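Written below as structure tokens is the structure these notes are about.
We did not get these values from a lab; they are worked out from the coordinates using the rules stated. All values derive from a computational prediction rather than experimental measurement. In this analysis, Cβ positions are derived from the backbone assuming ideal geometry, glycine residues included, and neighbour counts consider all displayed protein chains.
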Amino acid sequence: MTNSAAENEIKAESRIFPPPAEFAAKAAISGMDAYHALCREAEQDYEGFWGRLARENLHWQRPFETTLDESNAPLYQWFPDGLMNVSYNCLDVNLDNGNAEKVALIFEADGGEVTKVTYRELHQKVCQFANGLKSLGISKGDRVVIYMPMSVEGVVAMQACARIGATHSVVFGGFSAKSLQERIVDVGAVAVITADEQVRGGKHLPLKAIVDEALALGECEKVRNVVIYRRTGGAIQLQAGRDLWMHELVATQDVVCEPEWVSAEHPLFILYTSGSTGKPKGVQHSSGGYLLWAKLTMKWTFDIKPDDVFWCTADIGWVTGHTYITYGPLAMGATEIVFEGIPTFPNAGRFWSMIEKHKASIFYTAPTAIRSLIKAADADAAVHPDRYDLSSLRLLGSVGEPINPEAWMWYYKNIGRNVCPIVDTFWQTETGGHMMTPLPGATPLVPGSCTLPLPGIMAAIVDETGNELPNGQGGILVVKRPWPSMIRTIWGDPERFKKSYFPEEFGGKVYLAGDGAIRNKDTGYFTITGRIDDVLNVSGHRMGTMEIESALVANPLVAEAAVVGKPDDTTGEAICAFVVLKRARPAGDEAKQIATELRNWVAKEIGPIAKPKEIRFGDNLPKTRSGKIMRRLLRVLAKGEAITQDVSTLENPAILDQLKQAQ
Ligand code: WT7
């Protein structure tokens, strides 16, 4: 959505939904006074506030004395002299507090088979796998790449790394061999954990074969082992001395594994995300500050209670799956659903039937999923949510992209039955957890707004020079103070970290989120108006335009390419690529055929999620006389709108007509 479109929509939005009294009465943060009291506590004694929460919420093997070390800002350190272990804080603590026999994970596979795992069982699985990893010589500080399907074993693999102090880097199973290899190389992985195949919508997709292909691309000499979880039993090749089955590795391992006590600053994980240049950034997160925020936001945003059944539909390949599947819910001792598959298989009622079957009480998903399920329900009454018993739900959440007010209202009425608050959570891979979100027992909701920052998060809107803007004026979103779960650095590139997130233009002291935002004049509520850099958000997946352009120009047919986002009813934004070939501009069937070829090429270079929805061929791209591509014109063309802007600086106006036609 363009900035102005989002701004207009939110200005027009006057509906307001106060928290239901019954919900507020039992909520962790009940009423706006309680919210403001926490905000005041943070403002009056910032370190005292975070120090108190860290002591109250985490187990410290050795207590920290320093809360925040700013001496090397913006490389901030939180609780650096405290010793702890993330896996201990998620699992062991739940063995001694009455949760041992409580179900931790309810796993439902693509075909509907259900596996339940208690805290005691999960602890044993994690210990055995941790011991297995140790037997391979993996130890504290080593990096391990995880390329796995949604599974109990995926969660176990991440927790096992945390237990021994190995830093994991999960790569989403939809990324190509090339993307996987780039991440393996950049992070210097000593091992890769994968599965024979993954299953999505009844289809089997190879994972191990892609790992083989990635490793064969070279520069992966550090990888000593590939550990394989047997998901389907599909045929794979095993390389002797390097590859081994997960079930064989753990079979002989002890069910007890002493955790490795690490500094709170020890890197728990590195997760790659797209930026405005071609190379993805390895976002490095800490152990203590990260887990503190994962746990606290479970309490504050999701108001999690002991008898809740929590369901976050994300994949562990994204940060949402890290914080709200692998770490946050377990740190709370909650019962959570983990699902393998897609929302539309075996039919578009999958989510609703799973909520009914497992009595989910908190449901957290992405606007894209909601929008596609609205369409499916309109088309086929059999998968309409009113056919299912959703009365177990008490809270709904949204994440990953702006939720348009129409989708919000549908979600509220049809899934929340007009009684469940919706928390529209704004955050990023870099922030580790929620930043701005309603509190379900306190904040009056406005569709399309993520409302207010959480206590301790000092969000503001500034202009290009860093001056704070008054409410009602759109600008650039920043965070004025460091917070515990913030990105620590870009793996191996602290200079890029500083330049990307703490740029000198803003004084080098405030965190630049990369989003535009506006605050409502009366309520002060924030609405995110979209990225201010060359980053697209397609179905809640972050994609850099430069990354896709580099992939396209790597094809021998392509001379030049420019990629822009185009508003899309279902996916939020869609990828539209303008391409100049080295040969004459193709037409008709040939153009269609080359477009298909290029789409498949991008899928191979990056992954299917990066496939352009539209490809348009021209003899050239619209450029200024100095040769600069005029992207604003491309954005207008992509939308299919008439060009009303001044094109007098354009060298080749005739090209615009060619670029109107999509393949
Ligand atoms: C970008 C971060 C949040 C974790 C998963 C995505 C956009 C995210 C919202 C929201 C409007 C949102 C922003 C942000 N975004 N949540 N509730 N409302 N926009 O993490 O891949 O790092 O993407 O997603 O543009 O910068 P990510």
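Using θ = phi - 60° and the Karplus curve 6.51 cos²θ - 1.76 cosθ + 1.60, what whole-Hz ³J(HN,Hα) does each residue of the stretch 620-626 get, with Gly and Pro shown as x?
6, 10, x, 10, 6, 4, 8
Determine the dipole magnitude for the chain: charges of +1 sit on the beta-carbon of Lys and Arg, -1 on that of Asp and Glu, nothing else is charged, the reference point is the Cα centre, and the result goes in debye to the nearest 20.
Using only the charged Cβ atoms, the result is roughly 760 debye.
Considering only DSSP beta bridges where both residues belong to the chain, give the percentage that are antiparallel (nearest 5).
Of the beta bridges lying entirely in the chain, close to 60 percent run antiparallel.
Can you say what percent of the DSSP beta bridges in the stretch 185-246, counting only those with both residues inside, are antiparallel? Round to 5.
35
State the extension gain, in nm to one decimal, for the chain segment bounded by residue 559 and residue 419, taking 0.36 nm per residue of separation less the distance between their alpha-carbons.
44.9 nm
With each pseudo-label sitting 7 Å past Cα toward Cβ, what's the residue 71-residue 584 distance in nm, one decimal?
Distance between label points: 7.0 nm.
Under 5 Å between amide H atoms, partner at least 5 residues away or on a different chain: which partners does residue 400 have, H built in plane at 1.01 Å?
Answer set, sorted by chain and number: 427.
Taking the DSSP beta bridges in the stretch 241-342 as the whole, what percent of them are antiparallel, to the nearest 5?
Taking every DSSP beta bridge within the stretch 241-342, about 60 percent pair in antiparallel fashion.
Which order do the peptides 98-104, 249-255 come out in when sorted by mean C-beta neighbours inside 10 angstrom, highest first?
Going from most to least packed, we get 98-104, 249-255.
How much net charge surrounds residue 51 when only other residues with a Cβ under 10 Å from its Cβ are counted (Lys, Arg +1; Asp, Glu -1)?
Values: positive: 52, 55; negative: 45, 47, 56, 65.
Spelling it out: positives minus negatives among the neighbours equals -2.
Given 0.36 nm per residue, what is the gain on full extension from residue 61 to residue 654 after removing their alpha carbon distance, in nm?
Numbers: separation 593, 0.36 × 593 = 213.48 nm, distance 6.91 nm.
Full extension from residue 61 to residue 654 adds 206.6 nm.
Using per-residue counts of other Cβ atoms within 10 Å, averaged over each peptide, order 69-81, 527-539 from highest down.
In descending order of packing, they fall as 527-539, 69-81.
Treating only the Cβ of Lys, Arg, Asp and Glu as charged (+1, +1, -1, -1), what charge dipole size does the stretch 41-150 show about its Cα centre? Round to the nearest 20 debye.
Values: 10 positive and 17 negative charges, 127 e Å.
Around 600 debye, computed over the stretch 41-150.
Taking the Cβ of each residue in 332, 246 as the centre, tally the other Cβ atoms inside 10 Å and list the residues starting with the fewest.
Ranking 332, 246 by Cβ neighbours within 10 Å, fewest first, gives 246, 332.
Once phi is turned into θ = phi - 60°, what whole-Hz ³J(HN,Hα) does the Karplus curve with 6.51, -1.76 and 1.60 give for every residue of the stretch 535-545, x standing for Gly and Pro?
10, 9, 10, 10, 6, x, 9, 8, 10, x, 4
Along the positive direction of the dipole of the stretch 320-463 (beta-carbon charges: Lys, Arg +1; Asp, Glu -1; about the Cα centre), which of 431, 358, 459 reaches farthest?
Of the listed residues, the answer is 358.
Among 257, 127, 161, which comes first, then next, by fewest other beta-carbon atoms within 10 Å?
Ranking 257, 127, 161 by Cβ neighbours within 10 Å, fewest first, gives 257, 127, 161.
Ignoring everything except DSSP H segments at least 4 long, calculate the 222 nm mean residue ellipticity for the chain; use -39,500 (n - 2.57) per segment, divide by total residues, nearest 500.
After summing the helix terms and dividing by residue count, I get -8500 deg cm²/dmol.
How high is the FRET efficiency from residue 463 to residue 570, r the C-beta distance, R0 45 Å, rounded to 0.05?
Rounded to the nearest 0.05, the efficiency is 0.85.
Which of rounded, prolate, oblate describes the chain, given a ≥ b ≥ c as roots of the alpha-carbon gyration tensor eigenvalues and a/c under 1.5 marking rounded, otherwise prolate only if a/b is larger than b/c? Each step should come with its number before you reach the end.
Values: a/c = 1.41, a/b = 1.17, b/c = 1.20.
In terms of gyration-tensor shape, rounded.
Separation between the residue 644 and residue 245 pseudo-spin-labels, each 7 Å from Cα along Cα→Cβ, expressed in nm?
Going from the residue 644 label point to the residue 245 one covers 6.6 nm.
Starting with the highest mean, order 172-182, 432-442, 617-627, 337-347 by the number of other Cβ atoms within 10 Å, averaged over the residues of each peptide.
Ranking the peptides 172-182, 432-442, 617-627, 337-347 by packing returns 432-442, 172-182, 337-347, 617-627.
What relative contact order, as a whole-number percentage, does the chain give when Cα pairs under 8 Å and 6 or more residues apart are counted? Can you show the working numbers first?
Values: 1454 pairs, mean separation 92.6, N = 663.
In percent, rounded to a whole number, it is 14.
In debye, nearest 20, what is the charge dipole magnitude of the stretch 469-622 about its Cα centre with +1 on Lys and Arg Cβ and -1 on Asp and Glu Cβ, if you could check?
With Lys and Arg at +1 and Asp and Glu at -1, about 400 debye.
Quick query: amide H of residue 615 versus all other amide H atoms, modeled in the peptide plane; which residues come in under 5 Å with a sequence gap of 5 or more or a different chain?
577, 663
7 Å from Cα along Cα→Cβ at both residue 471 and residue 33: what's the point-to-point distance in nm?
2.1
Which order do 491, 261, 311 fall in if you start with the one that has the fewest other Cβ atoms within 10 Å?
Numbers: 491 23, 261 16, 311 27.
So the ranking, lowest neighbour count to highest, is 261, 491, 311.
If you take the square roots of the eigenvalues of the alpha-carbon gyration tensor of the stretch 615-659 and sort them as a ≥ b ≥ c, do you get rounded (a/c under 1.5), prolate (a/b over b/c) or oblate?
It comes out oblate by the Cα gyration axes.
By its C-alpha gyration tensor, with a ≥ b ≥ c as the square roots of the eigenvalues, how is the stretch 305-365 shaped: rounded for a/c under 1.5, else prolate for a/b larger than b/c, else oblate?
It comes out oblate by the Cα gyration axes.
Can you compute 3J(HN,Hα) from phi for each residue in the stretch 53-64, using the Karplus curve 6.51 cos²θ - 1.76 cosθ + 1.60 with θ = phi - 60°, rounded to whole Hz and x for Gly and Pro?
Each residue of the stretch 53-64 in turn: 5, 5, 5, 6, 9, 10, 8, 10, 5, 10, x, 7 Hz.
List every residue whose amide H lies under 5 Å from the amide H of residue 531, counting only residues 5 or more places away in sequence or on a different chain, with H placed 1.01 Å from N in the peptide plane.
516
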